[in-house]
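Student: Once you've had a glance at the structure underneath, I'll fire off some questions.
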Amino acid sequence: MPQNLTAETSSLLEKVCNDLINHLDENQIKDPVMVGIHSGGVWVGNELLPRLALKDPLGSLDISFYRDDFSQTGLNPKVKPSSLPFTTENRHVILVDDVIMTGRTIRAAMNELFDYGRPATITLVTLININARQLPIQPDIIGKTMVLSPQERVKLSGPNPLSLEIIKKT
């Protein structure tokens, strides 16, 4: 039976937003752009963007072709084109994902981002941080850190409403 975290999702979004505002102020980051990783990061980004009042629309990355397990898992049947309606060259990029676990998705997203240009900085934001890293990648802004068993995963459903749950792999 999945453990539902939906009631917590709203408070996690609020925490992430407040922490991100503080991070941007403390680091004197002005005029950042936000990029969500398809699909959960885009959903989270769509929730954060109006709260931050950023002037540029949300960008999105589908990192399917950049994954290091592409040859093992094959092509995702729902590959969508990435969309960055702004330049990333020398810009402060807020990179958003729903759940960070191994770090491999973030590595792929950064590889793709650099194909569009060299950002001045990248601030990594996530709702859920699972400490199961395979790569040395750490988020700057975290809604919640969780420890899961090897058989458990966190899944974000959405976009309306956003709903988090812990599911067991079978």
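The values are calculated or read from the model by the stated rules, or taken from the named source; none is laboratory data. These numbers come from a predicted model, not from an experiment. Note that we place each Cβ from the backbone using ideal geometry, even for glycine, and neighbour counts take in every protein chain shown.
Student: For the condition modelled with pLDDT of 95 or more, of a type in the set (A, V, I, L, M, F, W, C) and not in a strand (DSSP E or B), what is the one hit in ILE122, ILE128, ILE29?
Tutor: Of ILE122, ILE128, ILE29, the one residue that is modelled with pLDDT of 95 or more, of a type in the set (A, V, I, L, M, F, W, C) and not in a strand (DSSP E or B) is ILE29.
Student: Please find, within the stretch 44-80, the residue that is nearest to the chain's Cα centre (by Cα) out of those that are modelled with pLDDT under 65 and part of a helix (DSSP H, G or I).
Tutor: Checking each candidate, the answer is PHE70.
Student: I would also like to ask the following. Would you mind finding the one in THR105, THR145, THR126 that is within 18 Å of SER11 (Cα to Cα), within 12 Å of the chain's Cα centre (by Cα) and either surrounded by fewer than 19 Cβ atoms within 10 Å (Cβ to Cβ) or of a type in the set (Ser, Thr, Tyr) (or both)?
Tutor: THR126
Student: Restricting attention to the stretch 11-38, which residues are free of Cβ contacts under 8 Å to residues at least 60 places away in the same chain and of a type in the set (S, T, N, Q)?
Tutor: SER11, ASN18, ASN22, GLN28
Student: A further question follows. Which residues, counting only those in the stretch 141-163, are touching a helix residue (DSSP H, G or I) at 6+ places or on another chain (Cβ under 6 Å) and either on the phi > 0 side of the Ramachandran plot or not in a strand (DSSP E or B) (or both)?
Tutor: GLY158, PRO159, LEU162
Student: Follow-up. Looking only at the stretch 1-23, which residues are over 15 Å from ASN160 (Cα atoms), surrounded by fewer than 18 Cβ atoms within 10 Å (Cβ to Cβ), touching a strand residue (DSSP E or B) at 6+ places or on another chain (Cβ under 8 Å) and modelled with pLDDT of 95 or more?
Tutor: Matches in the stretch 1-23: LYS15, ASP19, HIS23.
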